[in-house]
Amino acid sequence: MVRTCAGPPPGHGEPAIHSRKHRTSLPTGAEAAAWADVLVRHQLVHAAVLAPTGQWLVQHCAESPVRVLDGPAAMVELVAEIQHQMRTTRHRTR
């Protein structure tokens, strides 16, 4: 599935997503890196780069501004937002 650049990226003006399952530990840098790789490989984001500060720089489309995520937990939260968006969009089209 290819994400188009139509509309704002997930997380802009949308309500917070509350997980039914609560994590017992914080996401690690390795987990965030693995998810970033998946997002880019499946073309769900244009780019996701780990900065030397530990922040993630994410660009949804080549033309969109760069979004700064504050660490691994923020990257995993972005993944959850994208998964939620994909699931709700899929259910609406059925």
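The values are calculated or read from the model by the stated rules, or taken from the named source; none is laboratory data. Everything numeric in this text was worked out from a predicted model, so none of it was measured. Note that we place each Cβ from the backbone using ideal geometry, even for glycine, and neighbour counts take in every protein chain shown.
Note on region 54-75: residues that are crowded, with 19+ Cβ neighbours inside 10 Å and in a helix (DSSP H, G or I) total 2. Any residue in region 75-94 that's closer than 14 Å to HIS60 by Cβ: show its pairings with residues that are at pLDDT 90 or above and charged (D, E, K, R) at Cβ separation under 9 Å, as long as the two are six or more apart or on different chains. Listed pairs, sorted by first residue: MET75/GLU31; LEU78/ARG67.
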